[in-house]
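Heads up, the thing below is written out as structure tokens.
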Amino acid sequence: MPQPSGPRLLSPFRLRDVSFRNRVVLSPMQVYQATPDGLANDWHLQHLGKFAVGGFGCVVTEGLIVDPVGRATWGDLGIWSDDHIAPLRRITDFVRSAGAVPAAQLHHAGPKAARQRPWEGFGPLTEVEAARGEPAWVPLSSSADRSAPGWHLTREMTLDDIEAVIAAYGAAARRADSAGFDVIDIHAAHGYLLHSFLSPVANRRTDGYGADIDGRMRLLLEIAETLRANWPEGKAIFFRISCVDWRADIEEPFDGWTIEDSCRLTRELHRRGVDLIDCSSGGIRGATSMSGAAAKRTGLKRGFQVPYAAAIRRETGVPTMAVGVILDGAQAEGIIARGEADLVAIGREALFDPHWVLHAARDLGADEDWALWPPSYGWWLAARERIGIAQERG
């Protein structure tokens, strides 16, 4: 089959009835700016809207919390109530009008709930926060434990709790559809609730939701089933997983969940209607997904997680998205051109440069006349170029 001309990064992509104008996705990033009731506001409209204007093929929200007990912080966006639909609809309408696919990440923080915002310390909520109206609560997890030293002790979920959280994901999917999203991305990575069930490091249950890999996968598979039952057939489902456990408190990285486990999970999720695996890693212990010995071991090198996306795509045939220290267009183009992933997700670099995709197109020689830029911007930039003012970025 002949290959399309031009950079593969900028080629269209399709999943079910959802068409992406290019292969670049805005990675979900918490910004902790929601109202106390978890409602979106003008901050989120401008935050996500500028990435759609900046050329991203798909714009994913931060994690939308499916149940209040699953909030990481008091600043998290929610989708646990119908009240959340209308403010989110403002965002999806704008994102779509700018040419991007609006996507919602659905999330439950589990053992990493009841935390301070990052600039407040990122530790467990204390009496200081309670005094200003942001008290702590008891987080839920697969097993009673502390996600990091000094953090809140979690409560092991009962079977009734599990049934309730499955229903919460189904209801969240219905609300995401009503809010105008075309993709949902389920956060099952980084030590949050769903990862706490997958990983033998965290899951010490002996019932049907633990004990062996089939038990540890069961909650995710049941959530996938309820999502597909409550989400339109023509719309896509992504799952973000930690493809391997990077423990912060030991030397050996593959103490828990492995890439082989991830391939097995991917096949089972795909059978239940999941369309793409969003490939991250780490986070089962520690404040962040890459802390302590894990960050030291990987060095956070460029594309350090790309091999996981490549392995899952190769071994299962399921589309994947690569994430993690993807910095420029040439690097992203190589990932797509070599078949290591179907999509690439850009996070912190997008915060630094909201026009990352448009700059990548220029750098790859695919937009010499500024035609990919919104006309309101492009004609100004073309005029600047005509009069000889050099473009400089640093």
Query raised in the report: Given (1) modelled with pLDDT of 95 or more; (2) in contact with a strand residue (DSSP E or B) (Cβ under 8 Å, 6 or more places away or on another chain); (3) not small (Gly, Ala, Ser), where does ARG271 come up short, assuming only one miss?
Result: (2)
Report task. Please tell me if ARG216 is touching a helix residue (DSSP H, G or I) at 6+ places or on another chain (Cβ under 8 Å), at pLDDT 95 or above and crowded, with 18+ Cβ neighbours inside 10 Å. Result -> yes
Query raised in the report: Residues GLY339, GLY347, GLY334: which one is surrounded by fewer than 24 Cβ atoms within 10 Å (Cβ to Cβ), small (Gly, Ala, Ser) and free of Cβ contacts under 8 Å to residues at least 24 places away in the same chain?
Result: GLY334
Requested in this report: Go through region 372-390 residue by residue and tally those that are closer than 15 Å to GLY6 by Cα and open to solvent by less than 70 Å² (accessible area, probe 1.4 Å).
Outcome: 0
Query raised in the report: Of the residues that sit in region 113-142 and are open to solvent by less than 50 Å² (accessible area, probe 1.4 Å), aliphatic (A, V, I, L, M) and not in a loop (DSSP other than H, G, I, E, B), which one is farthest from THR35 (Cα to Cα)?
Result: LEU140
Query raised in the report: Could we say that SER19 is in contact with a Phe, Trp or Tyr (Cβ under 8 Å, 6 or more places away or on another chain) and open to solvent by 10 Å² or more (accessible area, probe 1.4 Å) here?
Result: yes
Report task. Residue by residue through region 71-91, note down the ones that are surrounded by fewer than 24 Cβ atoms within 10 Å (Cβ to Cβ) and assigned to a helix (DSSP H, G or I). Result -> ASP82, ASP83, ILE85, ALA86, PRO87, ARG89, ARG90
Report summary line: Within region 219-248, residues in contact with a His (Cβ under 7 Å, 6 or more places away or on another chain) and either open to solvent by 10 Å² or more (accessible area, probe 1.4 Å) or on the phi > 0 side of the Ramachandran plot (or both) come out as ARG240
**Report entry** Hey, LEU327 without any contact (Cβ under 8 Å) to a residue 60 or more places away in the chain and in contact with a helix residue (DSSP H, G or I) (Cβ under 6 Å, 6 or more places away or on another chain) or not
**Finding:** yes
Query raised in the report: Filtering region 145-164 down to residues that are modelled with pLDDT of 95 or more and in contact with a Ser or Thr (Cβ under 8 Å, 6 or more places away or on another chain), which residue is most open to solvent (accessible area, probe 1.4 Å)?
Result: ARG155
Query raised in the report: Out of region 178-218, which residues are part of a helix (DSSP H, G or I) and either out of contact with any Asp or Glu (no Cβ under 7 Å at 6 or more places or on another chain) or within 30 Å of ILE85 (Cβ to Cβ) (or both)?
Result: SER178, LEU193, LEU194, HIS195, SER196, PHE197, LEU198, ASP214, GLY215, ARG216, ARG218
Report summary line: How many residues of region 310-327 are buried (at least 16 other Cβ atoms within 10 Å of the Cβ) and closer than 20 Å to LEU26 by Cβ? The answer is 8
Report task. Could you please give the count of residues in region 186-213 that are among the small types (Gly, Ala, Ser) and open to solvent by 30 Å² or more (accessible area, probe 1.4 Å)? Result -> 2
Report task. State whether one or more residues within region 90-103 are touching a Leu at 6+ places or on another chain (Cβ under 9 Å), free of Cβ contacts under 8 Å to residues at least 60 places away in the same chain and over 30 Å from ARG228 (Cβ atoms). Result -> no
Requested in this report: Would you please list the contacts, defined by Cβ atoms under 6 Å and residues six or more apart or on different chains, that run from a residue in region 215-228 that is farther than 10 Å from GLU268 by Cα to a residue that is in a helix (DSSP H, G or I) and open to solvent by 10 Å² or more (accessible area, probe 1.4 Å)?
Outcome: GLU222/ILE166; ILE223/ILE166; THR226/ILE166
Query raised in the report: Which pairs do you get when a residue that is touching a residue at least 40 places away in the same chain (Cβ under 8 Å), found in region 148-169, comes within reach of a residue that is acidic (Asp, Glu), reach meaning Cβ atoms under 8 angstrom, with the pair 6+ apart or on two chains?
Result: THR154/ASP145; LEU159/ASP207; ALA164/ASP67; VAL165/ASP67; ILE166/GLU222; ALA168/ASP67
Query raised in the report: Of the residues that sit in region 94-108 and are outside any helix (DSSP H, G or I) and in contact with a helix residue (DSSP H, G or I) (Cβ under 6 Å, 6 or more places away or on another chain), which one is most open to solvent (accessible area, probe 1.4 Å)?
Result: ALA98
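The values are calculated or read from the model by the stated rules, or taken from the named source; none is laboratory data. The structure displayed is predicted, hence computed values, not measured ones. In this analysis, Cβ positions are derived from the backbone assuming ideal geometry, glycine residues included, and neighbour counts consider all displayed protein chains. Calculation scope for accessible area: heavy atoms of the full protein, side chains included, ligands and nucleic acids excluded. Shrake-Rupley method; radii C 1.70, N 1.55, O 1.52, S 1.80 Å.
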